[in-house]
Amino acid sequence: MVFVSLGLRMLINVEALNMVESVGNIVRHRTVPMILSKGNGQYVMRWVPAVSGECMAHAYQSFLADLAQKRGLKVCYWCSRNEYIKHFDLNFYKLTSNQIKQYTDEERILEKKLEKKSLTLDDIKEIEESIIKCCVIEDIGGFLVTQGPTKRTARFHVSYMVPTYDTVERGIVALDHQFMVRYAPEAELRREGRREIPPAQAPYYPQVGSALYAWIFNIDLDGVGVSSITGEPILEVEEIRRRKELALDGLAEMLDNRLFGAKLTRFTPFIDIEVAAAAISDKVRFTVSPPTLTLKDFITETIDRAERARQDVKEAKINLLIWCKDDIMKREIERLTQGKATIIATSSIRDLIAEIKKQAI
């Protein structure tokens, strides 16, 4: 079992990465309730800006789909379009079979399974295997087919992106309305005040946020290309290796290029990844501690938990890697780790992912 857990702390300024709805001419940023401990058994709730796990998962799968097609790996029609309906209903795929390109594996399950009134466990197993063979995104990202039903849990997990606890406590989190206006005075004049025609010139108020965000990404690499029902490999060894590489390379593209979330055309945020801690574990699914903690607690608690896990699970292997962007941060991390983790200090987080690939694949 090879399980990778990654926790990041990212300073993001002037972002509108996850907008939820418009109320009149106000476009709201997503917010979530955060519970903070005040000590002595007392707690307080704060509403803070956030970016949903669905948003981050969609971005990650989009990078996977693009990279997979460049590498000649199979991606189904809808995932190639970044529409992740993921074989949600075989009747829909039958309906559109003469309109879109389908792989042989897809055509076979449509012919065999839709004729049956009820499906056996072997039928469900065959549906899962066929979909995995024809789409790497659904292999890694999971799917739910209503026939059966046939469910494959995603091999990766993502958290919401939320501000760190210490910045919320100190009030170093901002959410503000920005006044904008579509400037078109002549067009508005020519509209002649007709109510059936929307205003050509109109004000609007998008919310933008700035915060030190924390985010967690986990992936079960040994689950890639493996049946959820039997636990046996479905694909050839080389194909599974290529898909594992894709899973990590797609993450590297997403994080290094900093292209994820909404409203990038007008609100491309200033993103600075300050530190990332990765745990590569075997024989145990070890996750890093929440990066919402202070930097010191995030690092030291992860190290302490890893040592305890190694003691309790004798055959467990847990390697810790910590990436930071400069020598100043590196010296602080060295003081906290005391040689118990490998430190990588470079300008690109790709170097961290490259080291994870060396150890995990």
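Annotations
- Restricting attention to segment 1-50, the residues that are over 18 Å from residue 158 (Cα atoms), of a type in the set (S, T, N, Q) and touching a Phe, Trp or Tyr at 6+ places or on another chain (Cβ under 6 Å) add up to 3.
- Within segment 88-198, helices (runs of 4 or more DSSP H) holding 1 or more residues that are polar (S, T, N, Q): 90-95, 104-113, 121-134, 165-169
- Restricted to segment 51-82, and to residues there that are among the aromatic types (Phe, Trp, Tyr) and either in the same structural domain as residue 218 (by TED's automatic domain parsing) or more than 15 Å from residue 248 (Cβ to Cβ) (or both), the residue that is surrounded by the most Cβ atoms within 10 Å (Cβ to Cβ) is 78.
- Of all residues in segment 139-162 being farther than 18 Å from residue 109 by Cα and hydroxyl-bearing (Ser, Thr, Tyr), the one that is surrounded by the fewest Cβ atoms within 10 Å (Cβ to Cβ): 153
- Residue within segment 183-196 that is touching a residue at least 24 places away in the same chain (Cβ under 8 Å) and not assigned by TED's automatic domain parsing to the domain that holds residue 62 present: no
- Cβ-Cβ under 6 Å pairs, at least 6 apart or on other chains, segment 231-257 side in a loop (DSSP other than H, G, I, E, B), far side not polar (S, T, N, Q): 234/129; 234/132; 234/225; 235/225
- Extreme residue, surrounded by the most Cβ atoms within 10 Å (Cβ to Cβ), among residues of segment 1-43 that are closer than 18 Å to residue 53 by Cα and small (Gly, Ala, Ser): 7
- Filter pass, residue 316 being touching a strand residue (DSSP E or B) at 6+ places or on another chain (Cβ under 8 Å), modelled with pLDDT under 95 and buried (at least 17 other Cβ atoms within 10 Å of the Cβ): yes
- Residue that is over 18 Å from residue 3 (Cβ atoms) and assigned to a helix (DSSP H, G or I), where the choices are 344, 303, 299: 299
- For first residues located in segment 152-164 and among the charged types (D, E, K, R), partners that are in a loop (DSSP other than H, G, I, E, B) and lie 6+ apart or on another chain with Cβ distances below 6 Å form the pairs 152/142; 152/228; 155/224.
- When segment 148-171 is filtered for residues that are over 30 Å from residue 88 (Cβ atoms) and over 25 Å from the mean Cα position of the chain (by Cα), the ones remaining, listed by number, are 169, 170, 171.
- Residue within segment 289-296 that is touching a Pro at 6+ places or on another chain (Cβ under 9 Å) and assigned by TED's automatic domain parsing to the domain that holds residue 258 present: yes
- Residue within segment 44-67 that is small (Gly, Ala, Ser) and either over 30 Å from residue 208 (Cβ atoms) or part of a strand (DSSP E or B) (or both) present: no
- Any hit, segment 87-96, residues being surrounded by 15 or more Cβ atoms within 10 Å (Cβ to Cβ) and acidic (Asp, Glu): no
- Condition met for residue 237 (surrounded by fewer than 17 Cβ atoms within 10 Å (Cβ to Cβ), among the aliphatic types (A, V, I, L, M), modelled with pLDDT of 95 or more and at negative phi): yes
- A Cβ distance below 7 Å, combined with a sequence gap of six or more or placement on separate chains, defines the contacts here; from segment 100-112, residues that are in contact (Cβ under 8 Å) with a residue 12 or more places away in the chain reach residues that are assigned to a loop (DSSP other than H, G, I, E, B) and of a type in the set (Gly, Ala, Ser) in the pairs 110/97.
- For beta carbons closer than 6 Å, sequence separation of 6+ or different chains, a first residue in segment 304-332 that is not assigned by TED's automatic domain parsing to the domain that holds residue 283 and a second that is among the aliphatic types (A, V, I, L, M) and surrounded by 16 or more Cβ atoms within 10 Å (Cβ to Cβ), there are no qualifying pairs.
- Looking only at residues of segment 346-361 that are crowded, with 18+ Cβ neighbours inside 10 Å and either in contact with a strand residue (DSSP E or B) (Cβ under 8 Å, 6 or more places away or on another chain) or without any contact (Cβ under 8 Å) to a residue 60 or more places away in the chain (or both), we find that the one that is farthest from residue 242 (Cα to Cα) is 349.
The values are calculated or read from the model by the stated rules, or taken from the named source; none is laboratory data. Fair warning: this is a prediction, and the values are worked out from it, not measured in the lab. Note that we place each Cβ from the backbone using ideal geometry, even for glycine, and neighbour counts take in every protein chain shown.
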